[in-house]
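To keep things clear, I will list the structure first and then write my remarks on it.
The values are calculated or read from the model by the stated rules, or taken from the named source; none is laboratory data. Quick caveat, the model's predicted, so the values are computed rather than measured. When we count neighbours, we look across all protein chains shown, and the Cβ atoms used for this are built from the backbone with ideal geometry, even at glycine.
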Amino acid sequence: MIIEAIVTTLDAGGRCNPAPMGVVPLSGEGGRILLRPFKATHTFRNLKETGFAVVNMSWDGALYVYTALGDPELLVFPAEKIPGRVLRDHWGYWEVAVEELKEAGERAAVTCRIVKEVAREGIGAFNRAQAALIEGAILATRLHLHSPAFIKAELDRLATIVAKTGGQREKEAMDFLQDYVTRARKVGEKNAAD
Ligand SMILES: Cc1cc2nc3c(=O)[nH]c(=O)nc-3n(C[C@H](O)[C@H](O)[C@H](O)COP(=O)(O)O)c2cc1C
């Protein structure tokens, strides 16, 4: 199973980088996870250079949009057992240390040991707009893999869900996402014409 989370890493200069990443909890003793960052990401570079991360659980779909497509400043506090930063608005988190990093292929395979786990209390519930934003954010980071027609149809469908079930924050994030895709497409068309 793959869960989605906001992974924060530090670069060599101590700057915090948040990015959504898929996380595979590994079975067996000792609490380990697998991350599969593309080697072009800051997350990969930071994992390689500094060897630590915080896996922040969040149900805030807007956060996935903003951290996947931009570089927002987020409210964070220091991790306890590793050099790292925890998102203030987490739903729980793992502080993790890199154990093994395999670089073959386009995507690395980074096995990490969980050194601290924090679970937040309180009721959690599904909201379709959050899920729609996460799907939209994934789509927007993989524009090169799909036709413009497919992307438009998918975004229209996801935007309808957000309009029906989201609040103001979710609607703003969907607008941001759609603007981002429109801009990226124009840049792509211009580059193809040049
Ligand atoms: C829900 C979600 C899951 C993602 N999972 C991954 C992943 O497992 N590996 C990856 O390299 N990128 C993944 N991405 C795309 C990265 O978040 C995106 O490329 C981001 O810009 C990388 O940021 P960074 O360069 O600051 O690390 C995912 C995006 C979303 C929205």
Name every residue in the stretch 3-62 that is within 22 Å of LEU133 (Cα to Cα) and touching a Cys at 6+ places or on another chain (Cβ under 6 Å), in order of residue number.
-> THR8
Please find, among GLU73, GLU80, the residue that is part of a loop (DSSP other than H, G, I, E, B), within 28 Å of ILE123 (Cα to Cα) and within 15 Å of the ligand (Cβ to nearest atom).
-> GLU73
Could you tell me whether the stretch 143-150 includes any residue that is polar (S, T, N, Q), modelled with pLDDT of 95 or more and not assigned by TED's automatic domain parsing to the domain that holds LYS48?
-> no
Residues ALA184, ALA149, ALA140, ALA163: which one is aliphatic (A, V, I, L, M), without any contact (Cβ under 8 Å) to a residue 24 or more places away in the chain, over 20 Å from HIS90 (Cα atoms) and surrounded by 10 or more Cβ atoms within 10 Å (Cβ to Cβ)?
-> ALA163
Of the residues ALA163, ALA129, which single one is over 21 Å from the mean Cα position of the chain (by Cα), of a type outside the set (D, E, K, R), more than 27 Å from ARG15 (Cα to Cα) and not in a loop (DSSP other than H, G, I, E, B)?
-> ALA163
Residues of the stretch 32-65 being over 11 Å from the mean Cα position of the chain (by Cα), within 8 Å of the ligand (Cβ to nearest atom) and over 19 Å from ARG15 (Cα atoms), in sequence order, are LEU35, ARG36, PHE38
